[in-house]
Amino acid sequence: SLSPRRPCGTLGCAHPGRSCTKAFFHSFLHAFSLAFGLRSSFSLIARLLFLLRTSPRSVLSLRTVLSEKNLVARETAVRLGLFAGVFTGGFNGISCALRALRGRDDALNTSVAAFIAGGALLFHGKETRRTLSLYLLARCLQCVYNWAKSRDIIRPLPHGDSLLFIASSAQVMYAYVM
């Protein structure tokens with residue numbers, strides 16, 4: 001049977017009033033535009049601050065502010081936008097498709113959709129993927145620790161969450177320096 005947490009539609013999808021296809025495109029465009037806009041804004045602000053520090057008059061020249069030398073900032077903005085859009089839109093689309101194919105909404109659908117949507121990481125560069133992977137591994141270990149602690153599988157360590165966070169952050173920082 002369908003999960004009660006997804007109240008609308010015959011398939012139990014969480015997007016009332018729209019088809020799964022419209023919901024997929026809406027989710028993609030929303031996430032893409034947010035991520036792209038934020039990353040572009042940060043890049044533009046950083047560029048303006050740099051120009052203000054080095055040559056304040058050049059801030060008035062649109063050509064200098066948005067020159068082709070700063071194309072890398074635009075590329076990273078597009079990469080981040082594609083990652084966010086494909087990850088969220090892909091997750092929602094695959095989740096809806098699995099719900100339709102299997103006729104139910106359960107943890108297996110969510111797991112498969114999340115696994116496939118994780119392929120969106122390929123839109124990031126190699127260095128960014130490595131950093132994200134290390135960070136996510138650390139968060140995954142913390143989730144497993146908290147889950148095992150809540151189920152009384154392991155004994156809670158005093159300040160165990162903090163110790164795990166410190167150890168995982170040290171791992172990420174070490175990998176970043178290397």
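The values are calculated or read from the model by the stated rules, or taken from the named source; none is laboratory data. Keep in mind that this is a model prediction, so the values were computed, not measured. Cβ coordinates were reconstructed from backbone atoms using ideal geometry, including for glycine residues, and neighbour counts include every protein chain displayed. With ligands, DNA and RNA removed, areas are computed over all heavy atoms of the protein, side chains included. Shrake-Rupley method; radii C 1.70, N 1.55, O 1.52, S 1.80 Å.
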>> Can you pull out every residue in the range 123-149 that is farther than 30 Å from PHE36 by Cβ and either open to solvent by 80 Å² or more (accessible area, probe 1.4 Å) or outside any helix (DSSP H, G or I) (or both)?
In response: LEU141, VAL144, TRP147
>> Being modelled with pLDDT of 85 or more and open to solvent by less than 40 Å² (accessible area, probe 1.4 Å) is the filter here; which residues of the range 52-84 pass it?
In response: ALA77, GLY81, ALA84
> Which of the following residues is modelled with pLDDT under 90, touching a Gly at 6+ places or on another chain (Cβ under 8 Å) and either under 30 Å from SER133 (Cβ atoms) or small (Gly, Ala, Ser) (or both): PHE28, PHE87, PHE36, PHE24?
Replying inline: PHE24
> Yes or no: PHE115 open to solvent by 80 Å² or more (accessible area, probe 1.4 Å), within 19 Å of THR128 (Cα to Cα), in a helix (DSSP H, G or I) and out of contact with any His (no Cβ under 9 Å at 6 or more places or on another chain)?
Replying inline: yes
